[in-house]
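Below you'll find the structure, written out as structure tokens, and then a few comments.
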Amino acid sequence: MIITEQKPLEEILEMLKPFKRIFIIGCGTCATTCQTGGEEQVKEMAEKLKREGKVITGTVVVESPCDARLLRRDTRKVKVEIRDAEAILCMACGAGVQTVVEHLEKITVPCLDTKFIGETERIGRFYERCRACGECILFETGGICPVTRCPKGMMNGPCGGMYNGKCEVGGYTRDCVWVLIYKRMKELGMLDIYKSLKPPRDYTKLGIQPREVVWV
Amino acid sequence: MSRPVFSELMAQIRAGKFVFTGELEPEKTIDLTETLEAARRLKGYVTACNVTDNPQAFAYISSLAASYIVQKETGVETIYQITCRDRNRIAITSDLLGAGALGIKNVLALTGDHTTLGDMPQAKPVFDLDSVQLIHMARMMVDEGVDVSGNEIKDPPKFHVGGGANPNADPLEPELIKFGKKVSAGAEFFQTQVVFDIETVKRFFDEIKGYNVPVLIGIFPLRSYGVAKYFDETVPGVKVPEELMKALAEAKRIPDKKRRRQRYNEINLEYFTNLLKEIKKTTPAAGCHLMSVGYEEIIPSLVEAVK
């Protein structure tokens, strides 16, 4: 899931300063799970903005604002309210915001900061798990990603900054992911793969930025 | 299989001598007077001197520039330290070629402390390679005359490539596996993290006995109680032994500066002469790496005592 956090209200108000009439778009997928852009948060945001003297022309929670088809479908019934607004406040991740920009041709203000692709343990406990590096090596690392979870992206084991199974980054409070990988692969009887020399990563696999997947 | 010898360090290791290396840490300056002075004090007592590459991620003068100047001005052979933190493989290739051209004969390839620990924590951490990959890349350059992508190097550099190791690592197994990877990648020598007790050294050699590669054990003489305390508190996983700490604490209370200094030196000499002798006598260590930045005065008597 894409993990998001709501920006501070002052920052949102600063961006919305030139606009009086606002339409709010929420996200029915990731931002709903994160409780940063679901039905409830959209309602709360509308109230906050009204208190700040804004006029809310309407709101909608799009099933997935990052999906152009769903965005078009879910905004069809609020076309007038959107047209009536000077700006859209988008409570979705960066991909959602940009899909809105591309398809609704309206000044769009991001309400959230996009943090990472991660695991939700519960609300308020989100952990980064994938960097979308374009070349998944999880099989070689016991299903634990060092590209994402090692601050140095080590590929061949822990660095000298590992102490007592903890990582030097963050003051030895967090697990060294290479120790986790080692333990896991030992359990799985996969140490032969662990021991193999991993060559430097091939960054051409990342693709040319911005990345595209286009079936031909 | 006998590889060519490029450096005095490797020549002495091959000859079976118990070698000493020292450490120089040039800082945020273009004036290398202090570094050169330190190098001169070590000259004759150590075979080669490491020159650190932005240690603890503090942005200092280039270790390549400093390595070159030290060799040129003092004649002390250097071990040029290079880390993966600040350069991608293009920049590292370029620096290694530069090192070759500048007459650097030994390279110590390290991952590097993370940027967030340093004095420019806002910097982008690079880590395009890790230490194992860096060792392999450097060896490919020297041995096969190709860069990491297989492109031919017209005139390849000639230096020895070493790696780091940590006998104190906890858990130790992943560190040992990585040690093995570094050997496979082509590490020709190792210099270890600081060790204070002979048991840790012995245990480490026990674990790596399958590998036939020279290892220099890291030694850190403690100039004062303050240094010892700082070390104890900031270098995780390495504890200054209690009795040594106690002796230094007692010395600290000596009011007369000269006598205090003398006592500090005595304590260090006693403790580390014993440790070095033990290492030399009872382990297969190829030598010791003396990290005595700011405390070079102890080295001559220490080395003499072990001879």
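What follows is calculated from the coordinates using simple rules that are stated; it is not laboratory data. Just so it is clear, the model here is predicted, and its values are computed rather than measured. We place every Cβ from the backbone using ideal geometry, glycine too, and count neighbours over all the protein chains shown.
Ranking A:Ser64, A:Cys93, A:Ile82 by how far each Cα lies toward the positive end of the dipole of segment A:40-115 (charges on Cβ) leaves A:Ile82 at the top. Antiparallel beta bridges, as assigned by DSSP with both residues in segment B:110-224, represent about 10 percent of the total such bridges.
Working note: Cα atoms of segment A:134-197, range along each principal axis, descending, whole Å: 30, 27, 17. Sorting B:84-91, B:124-131, B:142-149, B:103-110 by their mean Cβ neighbour count within 10 Å, with the most densely packed peptide first, gives B:103-110, B:124-131, B:84-91, B:142-149.
Counting Cβ atoms of other protein chains within 10 Å of each Cβ in B:231-237 and taking the mean gives 2. Estimated translational diffusion coefficient (Stokes-Einstein, Kirkwood radius over Cα pairs, 25 °C, 0.890 mPa s) of chain A: 124 µm² per second.
Close amide H partners of B:His160, meaning residues 5 or more places away or on another chain with modelled amide H under 5 Å apart, are B:Asn106, B:Val107. Of the residues A:Ile24, A:Ile123, B:Val306, the one whose Cα sits farthest toward the positive end of the charge dipole of the protein assembly as shown, with +1 on the Cβ of Lys and Arg and -1 on the Cβ of Asp and Glu, is A:Ile123.
When +1 charges are put on Lys and Arg Cβ atoms and -1 charges on Asp and Glu Cβ atoms, the dipole computed for chain B relative to its Cα centre reaches about 740 debye. Taking Cα centre as origin and charging only the Cβ of basic (Lys, Arg, +1) and acidic (Asp, Glu, -1) residues, the dipole magnitude of segment A:134-197 rounds to 180 debye. In whole percents, the pair-distance distribution calculated for the protein assembly as shown from its alpha-carbon pairs, binned every 20 Å from zero, is 20, 43, 25, 12, 1. Here the spin labels are modelled as points 7 Å beyond Cα on the Cα-Cβ line, and at B:Arg203 and A:Ile193 they lie 3.1 nm apart. For chain A, a crude dipole built from +1 on the beta carbon of Lys and Arg and -1 on the beta carbon of Asp and Glu, taken about the Cα centre, is about 120 debye to the nearest 20. Under 5 Å from the amide H of A:Ile3 lie the amide H atoms of A:Lys115, A:Phe116, A:Ile117, A:Gly118, each residue being 5 or more positions distant or on a separate chain, with H modelled from the backbone and absent for Pro and chain starts. With the charge dipole of the protein assembly as shown set up from +1 on Lys and Arg Cβ and -1 on Asp and Glu Cβ about the Cα centre, the Cα lying farthest toward the positive end among the listed residues B:Ser7, B:Tyr80, B:Gly237 is that of B:Gly237. For segment B:128-225, the Cα-based Rg and Dmax, in that order, read 15.7, 53 Å. The length gained by stretching the chain between A:Arg83 and A:Thr204 to full extension, at 0.36 nm per residue less their Cα-Cα distance, is 39.3 nm.
With each label modelled as a point 7 angstrom along the Cα→C-beta vector, the B:Ser94-B:Arg40 pair spans 3.5 nm. Label 7 Å along Cα→Cβ of B:Lys257; segment B:208-238 residues with amide nitrogen under 17 Å? Residues B:224-226 qualify, since their backbone N sits under 17 Å from the label point.
Taken one residue at a time, the phi angles of segment B:246-252 give Karplus couplings (6.51, -1.76, 1.60, θ = phi - 60°) of 5, 4, 5, 5, 5, 4, 4 Hz. Gly and Pro are set to x. What's the FRET efficiency of B:Thr283 with B:Val5 using the Cβ-Cβ distance as r and R₀ = 30 Å, to the nearest 0.05? The computed FRET efficiency comes out at 0.80. Near A:Gly58, the amide H atoms lying under 5 Å from its own belong to A:Ile24; only residues 5 or more places off or on other chains count, and H is placed 1.01 Å from N.
In plain terms, the C-alpha convex hull of segment A:2-115 casts an average shadow of 5.7 nm² when viewed from every direction. The eigenvalues of the Cα gyration tensor, multiplied by 5 and square-rooted, give chain B an equivalent ellipsoid with semi-axes of 31, 21, 19 Å from largest to smallest. One decimal place: the segment B:Lys307-B:Glu144 gains 54.8 nm when fully extended, by the rule 0.36 nm per residue minus the C-alpha distance.
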